[in-house]
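Following: one structure in structure tokens, then a few remarks.
The values are calculated or read from the model by the stated rules, or taken from the named source; none is laboratory data. In this text the structure is predicted, and so the values were computed from the model without any measurement. Heads up, the Cβs are rebuilt from the backbone with ideal geometry, glycines too, and the neighbour counts pull from every protein chain shown.
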Amino acid sequence: MAIIVHLDLMLARRKMRSKELAQKIGLSEANLSLLKNGRVKGVRFATLERLCEALRCQPGDLLSYLPGNAAGDEAAAEV
């Protein structure tokens, strides 16, 4: 996937566990894990907004674009 998710980095910076974040934003731990590991094909703006609010960050802190890295799209889901 050409979009890289830096959720694990932001969780570490905020000293927050995945379980705590999942509860704060109303997402299941399983779906948050899929997002954290880059195994999703899309993220709703509402979900991104809740993530940014809970982690006190900007969308660019959570996502980056890496050109030419499109492998691994077959098992993606939408969160």
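Could you check the range 30-48 and list, in sequence order, the residues that are surrounded by 13 or more Cβ atoms within 10 Å (Cβ to Cβ) and farther than 15 Å from P59 by Cβ?
Once the filter is applied, which keeps residues that are surrounded by 13 or more Cβ atoms within 10 Å (Cβ to Cβ) and farther than 15 Å from P59 by Cβ, the range 30-48 yields N31, L32, S33, L34, K36, G38, R39, K41.
Identify all residues within the range 37-57 that are among the basic types (K, R), touching a helix residue (DSSP H, G or I) at 6+ places or on another chain (Cβ under 7 Å) and at pLDDT 95 or above; write none if there are none.
Hit for the range 37-57 is R50, nothing else.
Tell me which helices (runs of 4 or more DSSP H) are completely within the range 1-52 and hold 1 or more residues being closer than 21 Å to L66 by Cβ, or say none if there are none.
Counting at least 1 such residues, we get 7-13, 29-36.
Any idea how many residues of the range 4-29 are surrounded by fewer than 16 Cβ atoms within 10 Å (Cβ to Cβ) and either within 15 Å of G60 (Cα to Cα) or basic (K, R) (or both)?
Going through the range 4-29 one residue at a time, the tally reaches 9.
Please count how many residues of the range 10-23 are out of contact with any Ser or Thr (no Cβ under 9 Å at 6 or more places or on another chain) and farther than 14 Å from L48 by Cβ.
Summing the residues that are out of contact with any Ser or Thr (no Cβ under 9 Å at 6 or more places or on another chain) and farther than 14 Å from L48 by Cβ in the range 10-23 gives 9.
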